[in-house]
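Data first, discussion second: the structure below is written as structure tokens.
Just so you know, all these numbers are worked out from the coordinates, no wet-lab data involved. Nothing here was measured: the structure is a model prediction, and the numbers come from that model. Because the Cβ atoms are built from the backbone with ideal geometry, glycine has one as well, and the counts that use them run over all protein chains shown.
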Amino acid sequence: MSTSRTRTWQRALVTGGAGFLGSHLCERLLNASVEVDCADNLCSGARENIAHLEGQRGFRFVECDVSASTAPERLPGPYDLVLHFACPASPVDYLRLKLETLDVGSLGTRNMLAIAERDGARFLLASTSEVYGDPLSHPQREDYWGNVNPVGPRSVYDESKRFAEALVTAHVSVGNADAGIVRLFNTYGPRMRAHDGRAVPTFVSQALAGEPLTVAGDGRQTRSLCYVDDTVDGVLLVAASHSVRPVNIGGTDEVTVGEIAHRVVELTGSSSRIVYVDRPTDDPQRRRPDTGLARELLGWTPRVPWEEGIKQTIAYFATAQATHEPAP
């Protein structure tokens with residue numbers, strides 16, 4: 001597969017490949033004739049997300065904790081692309097798996113860098129907009145250092161990703177790694193889990209069930225939603241580039257959480273009411289990426305309007321509900 005004039009991939013390793021975003025990456029790579037090893041310990045991912053891929057030529061699932069010292073032995077490769085996307089990404093998961101979240105950002109990142117360096121592969125770290133914390137600068141540019149509480153409840157996720165970025169940067173600086181960093185903002189779409197604590201799947205599942213939509217705080221905090229297809233495009237463009245700098249990939253339409261809830265009710269035709277609950281500690285007030293670097297470096301801009309993406313997400317959850325199969 002080639003997504004630039006200078007990158008051709010034959011075999012990829014996707015960690016966290018049975019998760020929401022990881023499964024979409026596995027699928028896209030397979031469709032481009034890239035062999036894929038999908039590594040996941042299933043602490044927050046699900047085999048259902050990759051069931052349609054298992055049995056396909058070139059696809060292999062390895063149930064593996066990438067933070068374990070034995071991980072490089074269990075993933076012998078060789079690979080020419082390593083996408084490190086393993087990490088509990090929703091509040092429900094990383095607050096339940098605090099030490100595991102810290103481990104995968106530290107030990108897991110180091111192990112996967114070792115594999116990439118062993119094989120001479122391009123390495124890409126999935127980082128997050130959460131490295132900016134509750135930002136004092138808006139929109140968030142890649143050169144903004146962030147406003148993060150290092151001992152708050154969200155710190156297990158925020159600081160895990162910040163440390164992972166530092167680790168990747170150090171490996172690049174000493175000349176051992178061909179590595180990049182992508183900072184993802186509010187990706188959503190099919191294969192999200194119904195009750196993972198993030199706004200879109202929570203609202204959609206509640207609306208379809210006729211339950212009240214639970215909006216945190218006054219609902220005025222903002223998010224910049226990016227449909228999963230656009231995120232995958234951006235991730236693979238960063239992977240195919242030679243960038244070693246963090247690159248923001250996220251939506252450019254900033255909407256309030258309250259607005260998302262109201263539109264979900266309208267688009268589902270639900271009779272659900274909206275209720276307001278306590279806002280989580282350190283929940284960011286504003287979130288919007290400056291995507292100028294991705295546009296200039298890669299020619300990337302999101303193409304799917306957030307409301308159209310919401311419709312696709314509703315269709316996915318409605319189908320799962322109709323077949324009595326809970327969204328993974």
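In table form, for the structure just shown:
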quantity: Size of charge dipole - the stretch 174-301 - debye, nearest 20, with Cβ of Lys, Arg +1 and Asp, Glu -1, no other charges; calculated: 120 debye
quantity: Cα-derived Rg over Rh, computed across the stretch 1-139 with Rh taken as Kirkwood radius; calculated: 0.98
quantity: Order of Ser106, Ser129, Ser241 - criterion: other Cβ atoms within 10 Å of each residue's Cβ, fewest first; calculated: Ser106, Ser241, Ser129
quantity: For the stretch 77-136, alpha-carbon Rg over 2.2 N^0.38 Å; calculated: 1.28
quantity: Phi to ³J(HN,Hα) by Karplus 6.51 cos²θ - 1.76 cosθ + 1.60 over the stretch 181-195, Hz, x for Gly, Pro; calculated: 9, 10, 9, 9, 10, 6, 6, 8, x, x, 5, 5, 7, 4, 10
quantity: Per principal axis, descending, Cα span of the stretch 119-202 in whole Å; calculated: 43, 31, 24
quantity: Angle in degrees between helix 109-119 and the longest Cα principal axis of the chain, rounded to the nearest 10; calculated: 40 degrees
quantity: Additional length obtainable on full extension of the chain from Arg245 to Ser271, 0.36 nm per residue less Cα span; calculated: 4.7 nm
quantity: For Ala179, residues with placed amide H under 5 Å, excluding near neighbours; calculated: Phe123
quantity: The stretch 159-213, relative contact order in percent, only Cα pairs under 8 angstrom and at least six apart counted; calculated: 17 percent
quantity: q = 0.10 Å⁻¹: log10 I(q)/I(0) that the Debye formula gives for the chain, counting C-alpha atoms only; calculated: -0.54
quantity: Contact order normalised by residue count of the stretch 118-177, Cα under 8 Å, 6+ apart, percent; calculated: 36 percent
quantity: Dipole magnitude of the chain about its Cα centre (Cβ charges: Lys, Arg +1; Asp, Glu -1), debye to nearest 20; calculated: 300 debye
quantity: Burial ordering of Met112, Met192, fewest other beta-carbon atoms within 10 Å first; calculated: Met192, Met112
quantity: Alpha-carbon gyration tensor eigenvalues x 5, square-rooted, for the stretch 66-205, Å; calculated: 26, 19, 14
quantity: Relative contact order for the chain, counting Cα pairs under 8 Å that sit 6 or more residues apart, in percent; calculated: 18 percent
quantity: Vicinal HN-Hα couplings computed from phi for the stretch 10-15 (Karplus, 6.51 cos²θ - 1.76 cosθ + 1.60; Hz; Gly/Pro x); calculated: 10, 9, 10, 10, 10, 7
quantity: GNM result for the chain, Cα springs below 10 Å: residue of Leu267, Leu102, Leu21 fluctuating most strongly; calculated: Leu267
quantity: Sites matching GluC sites (Glu not before Pro) across the stretch 1-89 that sit in DSSP coil, with at most 16 neighbouring C-beta atoms within 10 Å; calculated: Glu54
quantity: Burial ordering of Val304, Val36, Val92, Val151, fewest other beta-carbon atoms within 10 Å first; calculated: Val151, Val92, Val304, Val36
quantity: Ellipsoid semi-axes in whole angstrom, largest first, where each is sqrt(5λ) of the Cα gyration tensor of the stretch 155-229; calculated: 35, 14, 10
